[in-house]
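Notes for the one structure printed next.
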Amino acid sequence: MNQSLVTYWENIDRWLQTHAPSSFRSLRSPATEDAVTKLEDALGVALDQEVKECFLIHDGAAETPDDEGAAYFLPRNYRLVSAEESRRLHKETNDILQMHDDQGMVGYWWHPLWLPFAESPSTDLLFVDHRPETYGQVGHFDHEDSASLRWPDLAAFLAHMVDCISGTSSDRYFQPDITGGQLSWRPVM
């Protein structure tokens, strides 16, 4: 496993357990190798090693009635999805892309080689790009507009989160906030 990715998750887990226990409790156990293989088969190319390792550390975060919103603790209020949810979201978004049959939307709105790993309450997605020229980069998909690449890889995304929650850096648009044992991200005014 990529040691930096494991270290980032250890830091996030430890911080959540101490400062945002409801969000920490939302984290699921590791995905099975079978679930990751099914996801890779659905994508049709080898999974980026970091995204594979991420699923093998935590198979997403689960919402519970008792801790509504606690699972949306990733920067800008995203929830880590499971391997099965990733596969479903990937299929659904690809189906919408095919339904529109507009080649101008491919790579602008969505691309079949983008794999979701997190979703927002508004159904926007964070994804890992699996196209050869941008393999491993992390992007943001706005379902009502377009997509853009934002981080060089998943480790950089997690490092950004660690820096923000530890106070060593900040996000220009959102800041971490803890309420009722949950980590959320409020807009910077």
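The values are calculated or read from the model by the stated rules, or taken from the named source; none is laboratory data. Here the structure is a predicted model, which means the values were calculated and not measured. When the accessible area is computed, the model is the full protein with side chains, heavy atoms only, and any ligands, DNA or RNA have been set aside. Shrake-Rupley method; radii C 1.70, N 1.55, O 1.52, S 1.80 Å.
If you work out semi-axes √(5λ) of the Cα gyration tensor in Å from the coordinates, which of [x] 23, 20, 17; [y] 26, 18, 16; [z] 44, 21, 12 do you get? Among [x] 23, 20, 17; [y] 26, 18, 16; [z] 44, 21, 12, the one derived from this structure is [y].
The phi torsions of the range 134-144, fed into the Karplus equation with coefficients 6.51, -1.76 and 1.60 and a -60° offset, translate into couplings of 9, 4, x, 6, 9, x, 10, 10, 9, 4, 9 Hz, rounded to whole numbers, with Gly and Pro shown as x.
Per residue, the solvent-accessible area of the range 1-85 (1.4 Å probe, heavy atoms of protein chains only, all protein chains present) comes to 46 Å².
When all protein chains stay in place and ligands, DNA and RNA are ignored, the 1.4 Å accessible-area order of THR123, THR93, largest first, is THR123, THR93. The largest accessible area among ILE12, ILE57, ILE96 belongs to the first residue in ILE96, ILE57, ILE12, and the rest follow in falling order (1.4 Å probe, all chains). Computed over protein heavy atoms with a 1.4 Å probe, the accessible surface of the range 107-180 works out to 43 Å² per residue. The accessible surface of the range 1-90, taken with every protein chain in place and a 1.4 Å probe, is 48 percent carbon and sulfur.
Estimated from helices alone, the mean residue ellipticity of the chain at 222 nm is -12000 deg cm²/dmol (sum of -39500 (n - 2.57) over DSSP H runs with n ≥ 4, per residue). Legend: residues HIS160, HIS90, sorted from most to least accessible area (1.4 Å probe; ligands, DNA and RNA excluded), read HIS160, HIS90. Given a 1.4 Å probe and the protein chains as shown, GLU63 ends up with an accessible area of around 70 Å².
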